[in-house]
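Report on the structure given below.
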């Protein structure tokens, strides 16, 4: 079992204001294991970006402890802290590249600060450009690069000092969906190949779904819920988690005016088995899908669906469909047709 590389205990962060201390984080407790991809998600203002900056002590916590790789960051000298930060690469939403430097020179920059020989730094930078598929852009300036290319250079720069952890603060928020998927795929590949822990800060559940193994939901400056991504999607418990998981459904009103409405819960059935299509063909009964929020996580289906079953006078259609779903171990719950409610 992986050991925690980051352990946060009873962390608080307050900012001074004219009306007294303003709380940004309250009693945060988290463990992030070595080699995993861990997500921290919350709405704007929840405290997630403050939290990631407390992890590497760019923001010093008001109280509590941050243990990184077995060492208490709060007890380090400035010199020791700078050394520890070299093991924590950081990727930002707006890339933060130096505009007067080429891609190669941007990647060399943290190695210059670390005192690495210029030739060694250049060799390492060229290797990293190849890793992020940007070898042909070594001499290009940021203004000549697309958003996705800039982020690839930023990722290479974050890897320059051989970090154990990559902290990604809304790293894909400025990118289009296609580029976002490419960057997330790159981060997943880097984590696997280099055994680097990746911490993803985001407000998008699709990012968590795509790449993360575990996730913490932060709401109103506290951790609302933590767990495996598959568990969070299949059975969210905290209201803040439900708002994030079911955000699309809560924006639409579902009409349950007609009878025979059922909510199906998928909690790990293979995504490659077309259950609904097979059910329609085998039971010879069409169904009306009123709402659906299902996701493919590592080849397994999680989420919910609301269907309407057109019934025959003797109830055969409904009985046949319900029996089929029971055989497939799909949890089925009848929905009150008089209510309008989210999945």
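Every number in this text was worked out from the coordinates using simple rules, so none of it is lab data. Here the structure is a predicted model, which is why all the values come from computation and not from measurement. Virtual Cβ from ideal backbone geometry, glycine too; neighbours counted across all protein chains shown.
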- Residue exposure sequence - 14, 72 - by fewest surrounding Cβ within 10 Å: 72, 14
- Message: How much of the DSSP bridge set in the range 4-239 is antiparallel, in percent, rounded to the nearest 5?
- Response: 50 percent
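From the helices alone, meaning DSSP H stretches of at least four residues, give me the mean residue ellipticity at 222 nm for the chain, per-run term -39500 (n - 2.57), in deg cm²/dmol to the nearest 500. The partial results should precede the final answer.
Values: 12 runs with 116 residues, N = 343.
Result for the chain, helices only: -10000 deg cm²/dmol.
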- Query: Working out 0.36 nm times the residue gap between residue 220 and residue 238, then minus their Cα-Cα distance, what length gain in nm do you get to one decimal?
  - Reply: 5.2 nm
- Query: Between residue 14 and residue 109, what FRET efficiency comes out of the Förster formula 1/(1 + (r/R0)^6) with R0 = 25 Å and r the beta carbon distance, rounded to 0.05?
  - Reply: 0.15
- Query: Roughly how many Å is it from the Cα centre of the range 10-79 to that of the range 98-140, as a whole number?
  - Reply: 30 Å
- Query: What list do you get for 83, 284 if you sort them by fewest beta carbons within 10 Å?
  - Reply: 284, 83
- Of 321, 207, 280, which is the most mobile in a GNM of the chain whose springs link Cα atoms less than 10 angstrom apart? 280
- Query: Measuring from the lowest to the highest alpha carbon on each principal axis, how far does the chain reach, largest first, in angstroms?
  - Reply: 82, 52, 39
- Where Rh is the Kirkwood radius over Cα pairs, Rg/Rh for the range 1-101: 0.99
- Task: Would you give the gap between the C-alpha center of the range 280-306 and the C-alpha center of the range 170-204, rounded to a whole Å?
- Result: 28 Å
- Relative contact order %, the chain, counting alpha carbon pairs below 8 Å whose residues are six or more apart: 17 percent
- Task: Using DSSP, restrict attention to beta bridges with both residues in the range 123-233 and report what percent are antiparallel, rounded to the nearest 5.
- Result: 55 percent
- Note on the structure: Among 86, 144, 213, the residue with the largest mean-square fluctuation in a Gaussian network model of the chain built from Cα contacts under 10 Å is 144
- Using a/c under 1.5 as the rounded threshold, could you call the range 28-183 rounded, prolate or oblate? The axes a ≥ b ≥ c are square roots of the C-alpha gyration tensor eigenvalues, and prolate needs a/b larger than b/c, oblate otherwise. oblate
- Calculate, in whole percent, how much of the Cα-Cα pair population of the range 47-99 lies beyond 14 Å. 56 percent
